[in-house]
Amino acid sequence: MRTSHGSLRSRLTGKRVVQAAVLGLLAGGTVGLTATAPAAASGTSTTVFNCYTQWWNTAWAQKCSSPGAKYSGAYYSGVACSYQTDKSMRKVRSAGSTTTYSGTDCTYSASNGWISYDYN
């Protein structure tokens, strides 16, 4: 069975239109995903008696560098969370402690970590 050049050309043109539409949707989806992807961020707070708060994208932790916490007592630390309540924690440390304590993750992004100390 032979087909006319007109109907074959019409089918090929239709196929190209569909391919172009699919590629356009895929490209649009990729651009949309790229535009909404969270930015990678990290930082370290000031140090209080060898201890500090460190944060990454959404995670954060209270840490003490060697030789550990200078004094026994309560170390308070926290981060600012985007679009939700900030997160904080209180950890009682003994002198010399180098334990890392992970904080509760932020849903979107963490920033502006802080730490303080209370001897009581």
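The numbers here are math on the coordinates, done by the rules we state, and not lab data. The shown structure was predicted, so the numbers you read here are calculated from the model rather than taken from an experiment. Please note: Cβ atoms are built from the backbone with ideal geometry, for glycine as well, and neighbour counts cover all protein chains shown.
Points worth noting:
- Its alpha carbons considered, region 43-118 gives a radius of gyration followed by a Dmax of 11.7, 37 Å.
- Ser42/Gln84 FRET efficiency (R0 22 Å; Cβ-Cβ; nearest 0.05): 0.70
- Segment Tyr119-Thr100, length gained on full extension (0.36 nm per residue, minus Cα span): 4.9 nm
- Relative contact order [Cα under 8 Å, 6+ residues apart], region 43-118, whole percent: 40 percent
- Distance between the pseudo-spin-label points of Ala59 and Tyr108 (7 Å out from Cα toward the beta carbon): 2.2 nm.
- Note on Tyr52, Tyr71, Tyr83, Tyr108: ascending count of other Cβ atoms within 10 Å places them as Tyr83, Tyr108, Tyr71, Tyr52, the fewest first.
- The fewest-to-most ranking of Ser94, Ser109, Ser77, Ser66 by surrounding Cβ atoms within 10 Å reads Ser66, Ser94, Ser109, Ser77.
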